[in-house]
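First the structure, in the form of structure tokens, and then the observations on it.
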Amino acid sequence: MSTRKVFCVKLQQEAEGLNYSPYPGALGERIYNNISHAAWQDWLGEQTKLINEYRLNPLEPSARSFLESAMLAYLFDERAEDK
């Protein structure tokens, strides 16, 4: 079985793609099509740092909104308002 490749906009190179959409909706599809497995793993580490640093509860809507904005900035170099 061949590995799925994508051009990763975060790493600016072709790399191994994700095996599934890691996020719901259109944003998840965008991540699936444009972000590599390695870049997604990097984001998960960054997300953990943010949760710990800001003592976020991911169950709270405001925390989820903050993390989504941070994810857009980290992966796509944009703010949520740009979308």
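The values are calculated or read from the model by the stated rules, or taken from the named source; none is laboratory data. Computed from a predicted model, the values in this text were never measured in an experiment. Quick reminder, even Gly has a Cβ in these numbers, built from the backbone with ideal geometry, and neighbours come from all protein chains shown. Note: accessible area is taken over every heavy atom of the protein model, side chains too, but ligands, DNA and RNA are not part of it. Shrake-Rupley method; radii C 1.70, N 1.55, O 1.52, S 1.80 Å.
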* Structure fact -> Taking segment 34-54 and keeping residues among the hydroxyl-bearing types (Ser, Thr, Tyr) and either touching a helix residue (DSSP H, G or I) at 6+ places or on another chain (Cβ under 7 Å) or open to solvent by less than 60 Å² (accessible area, probe 1.4 Å) (or both) leaves 36
* Among the candidates 54, 74, 23, residue that is over 15 Å from the mean Cα position of the chain (by Cα) and of a type in the set (Ser, Thr, Tyr) -> 54
* Within segment 17-83, helices (runs of 4 or more DSSP H) holding 2 or more residues that are among the β-branched types (Val, Ile, Thr) -> 37-53
* Asked: How about segment 2-11: which of its residues are of a type outside the set (D, E, K, R) and closer than 12 Å to residue 75 by Cβ?
  -> 8, 9, 11
* Asked: Among the residues of segment 61-79, is any touching a residue at least 24 places away in the same chain (Cβ under 8 Å), among the hydroxyl-bearing types (Ser, Thr, Tyr), surrounded by 10 or more Cβ atoms within 10 Å (Cβ to Cβ) and in contact with a helix residue (DSSP H, G or I) (Cβ under 9 Å, 6 or more places away or on another chain)?
  -> yes
* Structure fact -> Of the residues in segment 14-33, those that are touching a strand residue (DSSP E or B) at 6+ places or on another chain (Cβ under 7 Å) and exposed (fewer than 13 other Cβ atoms within 10 Å of the Cβ) come to 14
